[in-house]
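Below you'll find the structure, written out as structure tokens, and then a few comments.
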Amino acid sequence: MYHAGYGHGGNASKFSSLNSDSFKSGNFGLLYQIRIDGSILSVPAVVDGFIYVGLANSLQAKGSNGGSLQKYEVSSGNLICEFKWDIDVKDRDSHGFTGMGCTPTVINNCVYFIGFNAVLYCLKQDDLTLLWQTNLRNPDPAHNQPTTNILGMEAGYAPAAGWSSPTVVNMMEDGVEKHRIFLGVGEGENPYLFSFIFCLDADSGDVVWIYCTCQYEEGKPNQVNQLPAQVVADPNNLPAMFTTFSGYEVTRGCSVWSAIAYDEETGYLYASTGQPASPNNTTTFDTGLPSVGWSSGILAIKALSGEFVAFTQMPAKTSYRPSDLDVDIGSACTLYTLPPSLGFPNPRKVVAVGCKNGGFMICEAHTLQLINSVSLLPKMNDGTQIPEIDLHPPGYQQDMIGVHVPNEISNINGGENYFGPFNTAAIDPQTGTLFIGMGGPNYHFPGPGIDFNTTPFMKAIAWDSLADKWPMDNSNPPKYSKVGASMYTNAGECGLSSPAVVNDVVLVATTQVSIYAFLVEDGTLLWQDDIGSPTTGFSGGYGYCLGPAIWDKYVVAGALIQGDNGGVLNIYSLK
């Protein structure tokens, strides 16, 4: 499943023997480049010699409105089979996507994924034929799903969408093994919508429980299966297990964009949440950090019952500027065990996450007590901010390219930070290092991507102190000294992707659109390949590869590039 398992650690070492010698040998390179009828907006899954990957928009769909889940043999590059679906254009997500943007989960001889239409699909692993599907946007009584999450459509907003890769767990419940799916459904660009975490039976698609991530009452946890009255179309036929809340909630929004982590030790689920929202035009909820409700943080709930456990928000001090708004967390939570450190005598299970405001935090897994946090974006050696990072111009300059904005102006103008992490960290437990891609979409005015002159497209930090691990030079601000001409080189190139570790190598893809392999220990560049050129645009090129998947002697990466139909799937191999 996404990022190699329940803890989303992004470490493929148990699946592959690739190491630094493999990349230095000169025998590692491109095996196949497959041109695909649509862009790939997710990390592929590679399982038992086969690639499972979906399209964000399929040109084969009716009117190009729909998606496709495709299965390839990794050794030959041959398409084995595919599953297609069409949707009405009004059912697309707020970004115009109509297919899928999650990593499929392959387990129990099934393939699970959710589309942007908020339909959860279960396919047979061998031939991708449909076993069942459950609508998580509109009522699906056959699967015990009563919610209607389309508020705001009459005002021109998009309905709830599915971005979260399914976490599928084989777990014991009352002495019986049950197969459960956990995922989030919401849409942060629509201020009218509520967001939910769903638990479903993986064998039938029936809903087991629902938890609303929008807090109803200040200081009180929501009750599991308590639904906002606004999303219940027919309260008279509501299944007995559900109740409704009819008051004015603390907030809406708080979408779960990414895969939910699961820990067998605590029995908890860990979901990262987006910013708050309010449909009340007289109330502004997006005021940066701290923010209201269970927004911009980690929410822990019990996997078996869906009961609330704890919530911790990203600390306000992690924002690069006090004026940072729209502080979403698009990264999935990462679980790992810290050895005795930071004054604690015993090992500790922790949960960590990065935020697009530039922040990163680690919390104690049982309680979500904050252990440490840091701003990953660089400052000058004297501690002052760098004007080119996270610039927030006045309103009349926000559609301009290449504007100069002094720190004192950026610090008082509200704006979104596109320079922090948008995706999930990878772990090397041998060296105690976290690898985090830096920078977001590279098509925004006036500062697309990252400030490449000062900011690396991937950070390597200690998994406890959160300090830089790779050697630094003596420049102002300091830069990684071993990365050669890979980082700090290409304008706007950022690591929108999730890095992946295999033995002593870390791989990361960028918006260039390129893929790189670095030595885990010190950042020495081992290998790179240019997947293709970004598409052109007013603010520069627009392209993406959201991360490599690693299995056996293969590395697989899907992307959007310029040319043909934009979609490409690259298969690399040790020859």
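Here are the numbers for the structure shown:
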{"read-out": "Cα gyration tensor shape for the range 33-186, rounded if a/c is under 1.5, else prolate or oblate", "value": "oblate"}
{"read-out": "Least to most buried among D468, D48 (fewest other Cβ within 10 Å first)", "value": "D48, D468"}
{"read-out": "Label assignment, volume of the Cα convex hull per residue in Å³ derived from the structure, set (1) 222; (2) 147; (3) 363", "value": "(2)"}
{"read-out": "Per-residue Cβ neighbour rank within 10 angstrom, fewest leading, W294, W470, W132", "value": "W132, W470, W294"}
{"read-out": "Candidate lysines - alpha carbon under 23 Å from K479, same-chain residues fewer than 8 apart omitted", "value": "K317, K356, K379, K459, K469"}
{"read-out": "Relative contact order, percent, the range 286-391 [alpha-carbon distance under 8 Å, six or more residues apart]", "value": "22 percent"}
{"read-out": "Debye, to nearest 20: dipole size of the chain, +1 on Lys, Arg Cβ, -1 on Asp, Glu Cβ", "value": "480 debye"}
{"read-out": "Percentage, to the nearest whole number, of Cα pairs in the range 1-102 over 24 Å apart", "value": "36 percent"}
{"read-out": "The range 10-110, relative contact order [Cα under 8 Å, separation at least 6], %", "value": "25 percent"}
{"read-out": "DSSP-loop GluC sites (Glu not before Pro) across the range 196-289, with at most 15 other Cβ within 10 angstrom", "value": "E217, E218, E264, E265"}
{"read-out": "Mean Cα-pair separation over length for the chain, i.e. relative contact order, pairs under 8 Å, 6 or more apart, %", "value": "14 percent"}
{"read-out": "Total formal charge among the other residues, if their Cβ is under 10 angstrom from that of W163, Lys/Arg +1 and Asp/Glu -1", "value": "-2"}
{"read-out": "Order of I80, I51 - criterion: other Cβ atoms within 10 Å of each residue's Cβ, fewest first", "value": "I80, I51"}
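Throughout, read-outs are computed from the coordinates displayed, never taken from laboratory work. The structure presented is a predicted model; accordingly, all values stated were derived computationally and were not measured. No Cβ is skipped: glycine too gets one built from the backbone with ideal geometry, and neighbour counts run over all protein chains shown.
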